[in-house]
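Just below is one structure, and these are the notes that go with it.
The values are calculated or read from the model by the stated rules, or taken from the named source; none is laboratory data. From a predicted model like this one, the values you see are computed outputs, not experimental measurements. In this analysis, Cβ positions are derived from the backbone assuming ideal geometry, glycine residues included, and neighbour counts consider all displayed protein chains. In case anyone asks, the SASA skips ligands and DNA or RNA and just uses the protein heavy atoms, side chains included. Shrake-Rupley method; radii C 1.70, N 1.55, O 1.52, S 1.80 Å.
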Amino acid sequence: MSFQKKAWKKYILFAAAACFLLSGGIWYVKEYTTVGNSVNGHEMPVCSVETDEKQAALTFETAWGDKKTGEILDILKEEKIRATFFVTAGWMREHPDLVGRMKAEGHDIGTMGVSHENLSEQTSAEIRAELQEAEHTAKEEGFSMELFRPPYGRYSDTLIRTAAEEGFFTICWSIDSRDWKNYGKRSLIKEVVESEELRNGAIIRLNSEAKFTKDALKELIENIEEKSYEIVPVSEMILRDNYHMDVKGRQIPRMT
């Protein structure tokens with residue numbers, strides 16, 4: 001009996017240890033993946049990047065009008081900042097002069113499709129057509145694109161996978177300035193500078209034609225730089241291989 005009790009005791013301890021390790025493994029799979037942009041079986045956009053470099057990226061959604069975009073480019077040039085602009089194919093056709101400036105002054109130019117429609121519920125074929133038309137329009141302007149921002153930040157597995165098949169990284173953000181709410185210059189700056197997500201690899205969302213963005217931009221840049229962050233284009237910050245994603249869409253270098 002004594003031998004049987006010891007055997008059962010060992011079996012119970014072994015089973016408990018196995019359950020503990022298994023639950024830990026399940027937690028790890030839920031938090032991280034080591035394959036591409038998939039997390040918990042779903043595709044994730046890149047919202048930020050795990051990096052030792054103290055860097056952050058300013059991104060501007062540019063699909064409506066041109067009254068303030070030129071002035072924003074003036075400020076970026078004056079402050080020696082290169083940013084990332086997400087434009088639509090329709091906007092590119094209407095404003096080739098501004099597209100030319102973005103390109104000449106070293107900014108990233110990415111796409112939001114043809115006309116800023118919600119693509120998250122469209123079929124792969126419909127999404128592919130949008131992205132191919134956007135890329136064709138860019139090539140007519142003398143450049144190629146690799147960055148895609150889903151309009152309204154709405155995405156689906158199909159959208160991200162199709163974009164990847166077309167050679168695009170899907171980029172969202174970790175900090176939304178909420179400039180589109182038109183709460184004012186001070187509110188915009190506070191949303192960014194006081195965000196707990198303002199850390200290495202942050203991607204900041206702005207809208208070039210929002211009411212207060214132009215007026216807040218110079219001070220916003222100064223506040224970010226005072227925190228010792230270098231502002232760089234998204235293309236210089238994202239990882240292109242050997243990474244996995246966490247549940248917040250943060251790219252993390254894969255351990256080798």
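Quick notes
- Proximal aspartates and glutamates relative to LYS103, as straight alpha-carbon distance under 12 Å, when same-chain residues fewer than 8 apart are discounted: GLU141
- Overall Cα dimensions of the stretch 98-256, principal axis frame, Å, largest first: 43, 42, 31
- Mean separation of Cα contacts under 8 Å (6+ apart) over length of the stretch 38-127, as relative contact order %: 26 percent
- Across LYS77/LYS248; LYS190/LYS248; LYS80/LYS190; LYS80/LYS211, pairs whose alpha-carbon gap is larger than 25 Å: LYS77/LYS248
- Other residues within the sphere of radius under 11 Å centred on the Cβ of GLU50, judged by their own Cβ, net out at +1 (K and R +1, D and E -1).
- Extension gain, ASP74 to GLU140, is 21.3 nm, computed as 0.36 nm per intervening residue step minus the present C-alpha separation.
- Cα gyration tensor category, rounded, prolate or oblate, for the stretch 50-164 with a/c compared to 1.5: oblate
- Calculated over the stretch 37-111: convex hull of Cα atoms, volume per residue (Å³): 111 Å³
- At a probe radius of 1.4 angstrom, the accessible area of the stretch 155-231 per residue rounds to 45 square angstrom.
- Reach of LYS185 by Cα under 17 Å, taken over aspartates and glutamates that are not fewer than 8 positions away in the same chain: GLU71, ASP176, GLU194, GLU209, ASP215, GLU219, GLU222
- 3J(HN,Hα) along the stretch 61-75: 7, 9, 9, 9, x, 8, 5, 10, 4, x, 5, 5, 4, 4, 5 Hz, from the Karplus curve 6.51 cos²θ - 1.76 cosθ + 1.60 with θ = phi - 60°, whole Hz, x for Gly and Pro.
- Compared with the alpha-carbon gap, the fully stretched path from ASP97 to GLU222 is longer by 42.2 nm at 0.36 nm per residue.
- Amide H contacts of ILE171 (H built 1.01 Å from N, in plane; Pro and chain starts excluded): VAL46, PHE148, ARG149 sit under 5 Å, all sequence-distant by 5 or more or on other chains.
- From the alpha carbon centroid of the stretch 42-120 to that of the stretch 182-256 is 13 Å.
- Local charge for PHE143 was computed over the other residues whose Cβ lies under 11 Å away, with Lys and Arg +1 and Asp and Glu -1, and equals -3.
- In Hz, Karplus ³J(HN,Hα) per residue of the stretch 144-149 (6.51, -1.76, 1.60; θ = phi - 60°; x = Gly, Pro): 10, 10, 10, 10, 10, 10
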